[in-house]
1. Could we say that residue 227 is assigned by TED's automatic domain parsing to the domain that holds residue 302 and out of contact with any strand residue (DSSP E or B) (no Cβ under 9 Å at 6 or more places or on another chain) here?
2. Filter region 241-273 down to the residues that are surrounded by fewer than 24 Cβ atoms within 10 Å (Cβ to Cβ) and in a strand (DSSP E or B) and list them by number.
3. Out of region 262-279, which residues are closer than 22 Å to residue 334 by Cα and in contact with a helix residue (DSSP H, G or I) (Cβ under 8 Å, 6 or more places away or on another chain)?
4. Name the residues in region 315-335 that are assigned to a helix (DSSP H, G or I) and closer than 22 Å to residue 295 by Cβ, would you?
5. Within region 176-196, is even one residue more than 15 Å from the chain's Cα centre (by Cα), modelled with pLDDT of 95 or more, surrounded by fewer than 18 Cβ atoms within 10 Å (Cβ to Cβ) and not assigned by TED's automatic domain parsing to the domain that holds residue 87?
6. Given the criterion over 20 Å from residue 280 (Cβ atoms) and either in contact (Cβ under 8 Å) with a residue 60 or more places away in the chain or assigned by TED's automatic domain parsing to the domain that holds residue 23 (or both), identify the matching residue among 107, 92.
7. Go through region 86-131 residue by residue and tally those that are part of a loop (DSSP other than H, G, I, E, B) and surrounded by fewer than 15 Cβ atoms within 10 Å (Cβ to Cβ).
8. With respect to residue 214, is the statement that it is under 20 Å from the mean Cα position of the chain (by Cα) and assigned to a loop (DSSP other than H, G, I, E, B) true?
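The values are calculated or read from the model by the stated rules, or taken from the named source; none is laboratory data. These numbers were taken from a predicted model, which means no experiment stands behind them. FYI the Cβ positions are ideal-geometry reconstructions off the backbone, even for glycines, and counts take in every protein chain you see.
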């Protein structure tokens with residue numbers, strides 16, 4: 001297999017040299033060029049035709065987000081953002097970036113090199129097989145006659161990874177406040193989940209916030225599992241569903257894990273739940289979704305044509321965990337069709 005050709009765009013000379021040196025140590029990656037700003041990057045894209053570009057948000061002459069907005073319509077290219085902890089990274093995702101990593105702050109040279117050798121190459125390799133998908137500008141309206149009239153669904157559980165920040169945002173923005181409570185695991189670095197939840201809150205009818213242990217699940221509220229070292233599960237106490245956060249080892253290489261959440265939903269809620277698995281690399285969530293379906297829950301998987309990476313939904317579909325396979329813009333309508341059943 002040929003190496004993945006990477007263009008590095010970074011204004012700091014020291015960090016740029018560390019990126020180039022350490023990425024080139026990966027046998028599957030070759031840094032074909034390095035640019036200081038978007039204007040240099042534009043010329044290098046045309047000259048080297050890279051497979052993936054790493055891009056800083058803060059750059060001289062033109063910031064990374066504006067560069068993406070100009071670049072993507074003319075030259076769609078998988079981009080991994082390298083960003084300090086800021087919600088501006090989600091503007092970059094909206095502009096077409098595939099994924100992001102947190103730029104090490106106040107780190108030693110050794111810590112930066114470890115980051116470049118371990119976390120960043122994984123993101124680059126995933127991005128190299130990702131599809132560039134532009135967010136829908138408008139959703140098909142949900143039929144006002146479709147309401148949550150049934151009593152058989154008390155919870156909706158959603159899992160996503162690469163490409164999921166935009167997919168989840170698109171789905172939540174099209175749901176009304178009458179839906180059952182929602183719990184979400186989106187693979188994301190610690191600290192960014194709070195920024196992401198705050199960004200989603202108010203973008204539609206739903207209230208969205210980062211989950212705290214003991215939060216009650218209720219209609220119209222979406223709780224996002226914090227990134228970091230805690231898994232999110234459910235407990236039923238006093239007739240109410242509550243989320244619990246607990247430190248534990250990674251599952252399927254992730255913490256929080258979609259599988260951990262889905263297994264918990266299956267065991268605590270049984271058939272009175274709905275499971276949705278969205279775009280993402282790997283198989284996290286597939287086995288948990290299968291258990292949900294086996295216990296009577298309705299399950300939905302995002303289809304290949306609208307996934308940035310058709311990994312998690314594909315594994316779930318092949319296991320028999322997916323009851324309905326839907327395009328992303330159609331998932332909200334399917335949710336209401338299910339909820340409308342008596």
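1. So residue 227 does not fit the description; no.
2. 241, 242, 243, 244, 245, 246, 247, 251, 254
3. 262, 265, 266, 273, 274, 275, 276, 277, 278, 279, listed by residue number.
4. 315, 316, 317, 318, 319, 331, 334, 335
5. Among the residues of region 176-196, not one is more than 15 Å from the chain's Cα centre (by Cα), modelled with pLDDT of 95 or more, surrounded by fewer than 18 Cβ atoms within 10 Å (Cβ to Cβ) and not assigned by TED's automatic domain parsing to the domain that holds residue 87, which makes the answer no.
6. Testing whether each residue is over 20 Å from residue 280 (Cβ atoms) and either in contact (Cβ under 8 Å) with a residue 60 or more places away in the chain or assigned by TED's automatic domain parsing to the domain that holds residue 23 (or both) leaves just 107.
7. Counting residues in region 86-131 that are part of a loop (DSSP other than H, G, I, E, B) and surrounded by fewer than 15 Cβ atoms within 10 Å (Cβ to Cβ) gives 5.
8. no
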